[in-house]
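Before any comments, here is the structure.
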């Protein structure tokens, strides 16, 4: 039996997962899905910034469009660190198409005119 | 003369202005001191915003962007890079900005949405030297996320408020080593999910019932001393741990920024440090409303948006249909409750039910939130767990207040 | 050859420099740090004492009373925040009331005007928040509060405007007597000079020893303070002291010219550069202050700090000619800030006695003004922002300091090079958020105006860099 706190939403459900991956204590189905994933292949959304030129600030916030495997978080950071955008940038604009072979895109999270 | 001036273009001001427009006001001005709309959301680049409001997980700038887009479809006028210096009780708004100059604008209603500021080292009195390297978590967040600079490489964080936890992860991801997060209370002040994904994910230890008792270093922070505290939050001699670090981040609480509110003659609540408000976010000064973190500090921007929408709608009502009527009932804090918002309710002004937001003053297990008038119980709400770090919210049907005069009490009963 | 080298640009060195700059002289002020006013000058009670404390007949007594008058005139001429709010020394017992009578007697002998012994009730009429246990009080109407760093800046800027040269980041490493005058060795080149003034504060004993036989030791004594939010700024209207003891003038509660409340100091022997606060020291300050004014709300604290007194264990300042052409302005403990302008005058007299010829400059300019947006009327604000839009942009929200004021201070004779330097000149970051919001903006402005990377901007002294490394391996080049 594993104790787990759900991080899907701010509610932070305290969940229990047994060896057969049966989840209790979750308020919604997303919690159960999270618990199963967390114990088999945990994933995280990565948020960071990339360099940008021609904007009013030197960095543009970005995020992975979907969660990436947790063990790849620092690789994703490294890949993000190699990118330089130039303004203008739109929200949702693709920054990296497929980051570190995860099949997940990195997208811009702020309008930088 | 504007129908409405909104002071602050962060999440609260944006939602309030949009709602006021939807409810029929056509001459609205938002005054924002920063260069851009969006407020503090612009530096909160992490995700987790919008789950309630937009039913999807957004980053801070994306959440702000949604509202800015909505606003751009209205005729709301925006002045950025402009700071409001004074709001008078007769609703004259003094503002200054490099483009528009120093201006006094008059309004039929005003919504105060200035947000909050962080408690500082001086407020909590950490002894020691005064080197560079001591920052509030929010200032560090701006340096890292907006300016692209790390303010330090080996970091101790005092306080487990959400910004501190978020910064633990941000600094780690950007290459700093976060040595510890230290919390004086026996429980965390932040959301549980942030403990998991910001500390546990990176093996950052959390020391509950501990505090920083000394800062060392002449030019730059070189060490901080962390001690355990007793039940009275006094440091226990002999428990000192020394951390070699170059940075101490403070995440030790947020304070609604109400200097303007006080000068406008609005009654303040010493518990929330924000205005005393009615069910529709109206203050003691007719025509002045407040919403968001300037009223009370929220954990989630989604709730700020909801509250601000009510304020915006109420301001529109006030301008178009006149002042709200009716006697008011005061909300008292019973056992376990630190404050409530609103502090007063006018039953005549409520259609079905009114929401009461509050915080508890310690951790409770399975418990019930009870609303009573004198000894008469009006309603109760079951909870599995209550924590000071997580704002609570109940909806009280207004028909229960029939025959109630004076006051009602909200309290916690552990079961 | 330079005529006079002044070592140290705290308020004492600055006052001496200003007084000397009235004459046709080549003056160089050397300051070890990157700014003026950064030693004891910036960390003290900010009080201009009336002058009843020093023993009659001492230099300290004379310079205190004279300094208090001069400070008032200079603050008006040089636009330094000053308020003559008067002071009270409290007695809690018959024995302490006896001490008040002694102080009254001393004050009369020292020529302090207007002193009055009040009963406890009379004192509470003037100062309603005083404790019920206050038995008597000595009222001194000429005591005042001041911005100590701005006083020093005003003196130093006036000296520089009138031709004196200020060399910052210049530490004296040795002094050599020459046939004519002195060779001042520094980390940034040597200076040949006819005369030397030692105004090195807590290090004045070390500088003295470079020029003359050892004759005194600075016995540093640290004092810790609370600074409280403006919400507490009117808790008292006057400077409220307790009876002095051999350890100092005791813990005071006082308004500041910036509208805050200052409470402190304790007195603990310390290292001369030890500016750390301690839990015990702050506890002591809190508890002691509450004897005078029980309702002070310490939850409104916005800052703690400590300063070091340049005590020598003697009853008087150590001012005099220590070697031919070498003048000590040393052992300047309290009431040093008050005495500073008079010490400056006296330093000129001493140098004249050593043969320095004094020819007045026709062009001497004793005037300084700065724009304080917060204090302007609506019409003045409107006109100002129209003339220069930078005055329309508020950078420090707590103190309502505009970008225009920051840019203006960067064009003064002694421009700041640090965030705290900006704070000392225009109050940005002095308020309740303590720079939480405006420090990043000030860093940005300094970086832009000084044309250096944000990473090079320091909080205060050299080495106090705020930012350590750019994210993502640095800025994009394009």
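The values are calculated or read from the model by the stated rules, or taken from the named source; none is laboratory data. If you're wondering where the values come from, they're calculated on a predicted model, not measured in any experiment. Here the Cβ is made from the backbone with ideal geometry for all residues, glycine too, and neighbour counts use every protein chain on show.
Structure data summary
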item	result
Filtered residue count, region C:262-287, keeping only those that are within 13 Å of chain B (Cβ to nearest Cβ) and not in a loop (DSSP other than H, G, I, E, B)	13
Residue check for residue C:473: touching a helix residue (DSSP H, G or I) at 6+ places or on another chain (Cβ under 8 Å) and at pLDDT below 95	yes
Residue among A:12, A:54, A:31 that alone is surrounded by 16 or more Cβ atoms within 10 Å (Cβ to Cβ) and out of contact with any helix residue (DSSP H, G or I) (no Cβ under 8 Å at 6 or more places or on another chain)	A:31
Among residues of region B:100-125, those that are closer than 30 Å to residue C:283 by Cβ and more than 8 Å from chain C (Cβ to nearest Cβ), counted	3
Subset of region A:34-51 [in contact with a helix residue (DSSP H, G or I) (Cβ under 7 Å, 6 or more places away or on another chain), in a loop (DSSP other than H, G, I, E, B) and crowded, with 18+ Cβ neighbours inside 10 Å]	A:46
Unique match (being in contact (Cβ under 8 Å) with a residue 24 or more places away in the chain, outside the structural domain of residue B:7 (by TED's automatic domain parsing) and in contact with a helix residue (DSSP H, G or I) (Cβ under 8 Å, 6 or more places away or on another chain)) among B:354, B:364	B:354
Set C:415, C:454: member being surrounded by fewer than 21 Cβ atoms within 10 Å (Cβ to Cβ) and either at pLDDT 95 or above or out of contact with any strand residue (DSSP E or B) (no Cβ under 7 Å at 6 or more places or on another chain) (or both)	C:415
Given (1) crowded, with 24+ Cβ neighbours inside 10 Å; (2) within 8 Å of another protein chain (Cβ to nearest Cβ); (3) under 22 Å from residue A:74 (Cβ atoms), index of the condition residue B:138 fails	(3)
All positions within region B:144-164 that are more than 7 Å from chain C (Cβ to nearest Cβ) and touching a strand residue (DSSP E or B) at 6+ places or on another chain (Cβ under 7 Å)	B:145, B:146, B:154, B:155, B:156, B:157, B:158, B:159, B:160, B:164
Residues of region B:99-143 satisfying the condition of being farther than 24 Å from residue C:382 by Cα, out of contact with any strand residue (DSSP E or B) (no Cβ under 7 Å at 6 or more places or on another chain) and part of a loop (DSSP other than H, G, I, E, B)	B:115
Verdict on residue A:78 being assigned to a helix (DSSP H, G or I), under 21 Å from the mean Cα position of the chain (by Cα) and surrounded by fewer than 18 Cβ atoms within 10 Å (Cβ to Cβ)	yes
Qualifying residue in region C:367-380 (condition: within 14 Å of chain B (Cβ to nearest Cβ) and touching a strand residue (DSSP E or B) at 6+ places or on another chain (Cβ under 6 Å))	yes
Any hit, region C:377-396, residues being under 17 Å from residue C:81 (Cβ atoms), without any contact (Cβ under 8 Å) to a residue 60 or more places away in the chain and outside any helix (DSSP H, G or I)	yes
Residue that is surrounded by the fewest Cβ atoms within 10 Å (Cβ to Cβ), among those in region C:288-303 that are in a helix (DSSP H, G or I) and at the interface with chain B (Cβ under 9 Å from one of its Cβ atoms)	C:299
Answer residue from region B:45-84, given it is in a strand (DSSP E or B) and in contact (Cβ under 8 Å) with a residue 24 or more places away in the chain and is farthest from the other protein chains (Cβ to nearest Cβ) among those	B:77
Selected residue (criterion: nearest to residue B:183 (Cα to Cα)) from residues of region B:228-267 that are within 11 Å of chain C (Cβ to nearest Cβ) and not in a loop (DSSP other than H, G, I, E, B)	B:250
Residue in region A:59-66 that is in a loop (DSSP other than H, G, I, E, B) and either at negative phi or out of contact with any helix residue (DSSP H, G or I) (no Cβ under 9 Å at 6 or more places or on another chain) (or both) present	yes
Complete set of residues in region B:334-360 that are within 23 Å of residue B:389 (Cα to Cα) and either modelled with pLDDT under 95 or part of a strand (DSSP E or B) (or both)	B:337, B:338, B:339, B:340, B:341, B:354, B:355, B:356, B:357, B:358, B:359, B:360
Residues that are assigned to a loop (DSSP other than H, G, I, E, B) and more than 15 Å from residue C:10 (Cβ to Cβ), drawn from region C:165-208	C:169, C:178, C:179, C:180, C:181, C:188, C:190
Subset of region B:314-328 (residues that are in contact with a helix residue (DSSP H, G or I) (Cβ under 8 Å, 6 or more places away or on another chain) and either buried (at least 20 other Cβ atoms within 10 Å of the Cβ) or free of Cβ contacts under 8 Å to residues at least 60 places away in the same chain (or both))	B:315, B:316, B:324, B:325, B:326
So residue B:123, is it closer than 18 Å to residue C:437 by Cα and in contact with a helix residue (DSSP H, G or I) (Cβ under 9 Å, 6 or more places away or on another chain)	yes
Top-ranked residue of region B:21-37 - restricted to ones that are over 17 Å from residue B:69 (Cβ atoms) and crowded, with 23+ Cβ neighbours inside 10 Å, ranked as nearest to the other protein chains (Cβ to nearest Cβ)	B:33
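Yes/no per residue for (1) touching a residue at least 40 places away in the same chain (Cβ under 8 Å); (2) within 13 Å of chain B (Cβ to nearest Cβ); (3) surrounded by fewer than 16 Cβ atoms within 10 Å (Cβ to Cβ); (4) in contact with a strand residue (DSSP E or B) (Cβ under 9 Å, 6 or more places away or on another chain):
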residue: C:362; (1), (2), (3), (4): no, no, yes, no
residue: C:411; (1), (2), (3), (4): no, no, yes, no
residue: C:420; (1), (2), (3), (4): yes, yes, no, yes
residue: C:431; (1), (2), (3), (4): yes, yes, no, yes
residue: C:439; (1), (2), (3), (4): no, yes, no, yes
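Residues checked against (1) buried (at least 17 other Cβ atoms within 10 Å of the Cβ); (2) part of a loop (DSSP other than H, G, I, E, B); (3) outside the structural domain of residue B:298 (by TED's automatic domain parsing):
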position	(1), (2), (3)
B:377	no, no, yes
B:380	no, no, yes
B:396	yes, no, yes
B:400	yes, no, yes
B:405	no, yes, yes
B:408	yes, no, yes
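One line per residue, one yes/no per condition, for (1) in contact with a helix residue (DSSP H, G or I) (Cβ under 7 Å, 6 or more places away or on another chain); (2) modelled with pLDDT under 95; (3) not assigned by TED's automatic domain parsing to the domain that holds residue B:219:
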{"site": "B:63", "(1), (2), (3)": "yes, no, yes"}
{"site": "B:78", "(1), (2), (3)": "no, no, yes"}
{"site": "B:139", "(1), (2), (3)": "yes, no, no"}
{"site": "B:155", "(1), (2), (3)": "yes, no, no"}
{"site": "B:158", "(1), (2), (3)": "no, no, no"}
{"site": "B:176", "(1), (2), (3)": "no, no, no"}
